[in-house]
Structure formats: C-alpha cells, structure tokens
Amino acid sequence: MASPDLAQLAQLTVNGLANGSLLALAATGLTLIYGILRLTNFAQGEFLTLGAYFTLVANSTGLSLWVAMPLGAIATIALCLLGESILWEPLRRQRVNNTTLIILTIGLSLLLRNLVILIWGAGNQAYRLAVQPALTVLGLRITLNSLLVILGAAAALILLHLVLQHTAIGKGMRAIADDPDLARVSGVPVETVIRWTWVIAGGLTAIAGGLYGLITAVRPTMGWNLILPLFASAILGGIGSPYGAIAGGLILGLAQELSTYWLPAEYKLAVAFVILIAVLLIKPQGLFAR
C-alpha cells in the first residue's frame, strides 16, 4: 500500500490531469484564433461559459449529457459565426488596430457574461446526472466525472490533430498562420478557413465548458475565472501553436494542483504565472514555436 503522502500526490496528479485537459482544450481554441486571425480574444472564457449553459439547457430537457454537450457546442459555434459575420469580418476589412480589437473583446466578454446572468441568473446550477460512486484504481479514489473529463478532452484533441494534419482546412490554417498574404495569393480560400477556425475553436471551447460543468458548478463566472490560466497556457506553449497550447494547459493544470500539497489552494494562480515567467525567461517564444 502506498504511503499517505504518495497517495495524496497521486490523487492531486489525477485532479491536475482533469483540470489540465480542460485548459488544453480551451487554450487550443484561443491560440487558433490568435494564430489565424491575429485576434487576442478575451471573450473566449465567455464562450466556455456559454458551452456549459447550452449543455445545461439541453440536459435539462431530459437528454443524455453526451447528446447535450454536442448540441451545446453547436449553439456556441453558431454564436461564434454570428460574431464573425457582424463584428470581426467588417472590422478586418476596415483594418482596425489590435488595441481596439482587444478592447472590443473585453467589452464583448462583459456583455456575454451579463446576458448569461440575465437569462439564467447568478446562482450555481448543475447537470441532471445520476450520482455515481467513485472508482478505486490502485488505491486511488477517482470520480467518474474526472475520468470522463480526461477521456472526453483527449478524444477532442485527437480529432483536432486529425483535422489539422489530414484535411484541406488544416493545411489552409497552417498556411494562413505562416503567411496570410502568401496564402491568399496562392489560392487558399482565406475567408472559408477563417470561418472553419471559428467552428473548431468555438467547438473546442464549448466542449471544455461542458466538461468543466461536470467537475464544478455551472455559473456565470466560470469562464472568466479561467481566462488568465487560458492565456498563460497558450503563451507558455508558444502563442499560435495548438500543440504548444495542449502542452501548456497540461503543465499548468498539473502544476496548480500539485502545488496545493505544499501551498494553500489560493496560490494556484500565482504558481501558474511563476512557471510562465520562468519558462519565458529561458525561452521567450514559449515551449513550441508556431
């Protein structure tokens, strides 16, 4: 039998993998938007929140969570595409500067969060799920929800890899990320690729929100509370690199949870930024170049 200290560290590692998987999903969506559109999107956390609430609405009608979650992702993607049509595409045509775009994303974040409060209220809510006993694996008690979060996030990231490496859209995204002007003159359908970028990024972020609701309460501030770790994950991995965002999310998720073995839980966010600063001092471009 493992000693109490080793058992606690192993338990924290499992929790860190679950949290890191969620950060990896949403940070990948964030870095795709930056890599393709050059948009620093502070509203990404609110799309995570909307994914959780749309999943909650579908689940409350009696649908299984695994049916409700894709429906929540589809609804979130629809909002992302609407924002692209009425906001981001016109602003790109006008060549609005980056500072203005950042301020707009912050304003959009505040608008969406207050709309969530107006529609669903400010209180905590939860999915309609049967109570499941914890699993015992090698002496560790692992909740079924944590295991589902890890497996669900892994499946989504594997699907993302297949899209990026083996589809025309993935090749177009890589071309635009490297050189947008060269991609355009080479015949890459830039606007189509941009719309698919919103589909993929919005879907990943919404799924992250739906999975996050499994291990915490569904509440209006859930995405806002994660926005700084999401940016930290994307920057740590190398902003613009999807695989870097995955690595950054897993590293920060594990580090935050393991730090609670020595430090109070209130310091988890500080630990993430200490790691970020330390890595950037050694490798300013992040762990992976774009």
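Comparison of Leu129, Leu157 shows that the only residue that is at pLDDT 90 or above and in contact with a helix residue (DSSP H, G or I) (Cβ under 7 Å, 6 or more places away or on another chain) is Leu157. Set side by side, the residues Leu63, Leu17 differ, and just one is modelled with pLDDT of 90 or more, outside any helix (DSSP H, G or I) and open to solvent by 60 Å² or more (accessible area, probe 1.4 Å), which is Leu63. Any residue at all in region 241-250 that is surrounded by fewer than 24 Cβ atoms within 10 Å (Cβ to Cβ), aliphatic (A, V, I, L, M) and at pLDDT 90 or above? The answer is yes; a qualifying residue exists.
Yes or no: Ile102 open to solvent by 40 Å² or more (accessible area, probe 1.4 Å), closer than 17 Å to Thr221 by Cβ, in contact (Cβ under 8 Å) with a residue 40 or more places away in the chain and under 21 Å from the mean Cα position of the chain (by Cα)? For Ile102, the condition - open to solvent by 40 Å² or more (accessible area, probe 1.4 Å), closer than 17 Å to Thr221 by Cβ, in contact (Cβ under 8 Å) with a residue 40 or more places away in the chain and under 21 Å from the mean Cα position of the chain (by Cα) - is not met.
Okay, residues lined up against (1) of a type in the set (Ser, Thr, Tyr); (2) farther than 30 Å from Arg141 by Cβ:
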{"residue": "Leu9", "(1), (2)": "no, no"}
{"residue": "Leu23", "(1), (2)": "no, no"}
{"residue": "Leu32", "(1), (2)": "no, yes"}
{"residue": "Leu48", "(1), (2)": "no, no"}
{"residue": "Phe54", "(1), (2)": "no, yes"}
{"residue": "Trp88", "(1), (2)": "no, yes"}
{"residue": "Thr100", "(1), (2)": "yes, yes"}
{"residue": "Leu111", "(1), (2)": "no, yes"}
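Pairing each residue of region 216-233 that is free of Cβ contacts under 8 Å to residues at least 12 places away in the same chain with any residue that is in a helix (DSSP H, G or I) and surrounded by fewer than 24 Cβ atoms within 10 Å (Cβ to Cβ), provided the two are 6+ apart or on different chains, yields C-beta distances under 7 Å for Thr216/Met222.
The values are calculated or read from the model by the stated rules, or taken from the named source; none is laboratory data. The shown structure was predicted, so the numbers you read here are calculated from the model rather than taken from an experiment. We place every Cβ from the backbone using ideal geometry, glycine too, and count neighbours over all the protein chains shown. Keep in mind that these areas ignore ligands, DNA and RNA; they rest on the heavy atoms of the full protein, side chains included. Shrake-Rupley method; radii C 1.70, N 1.55, O 1.52, S 1.80 Å.
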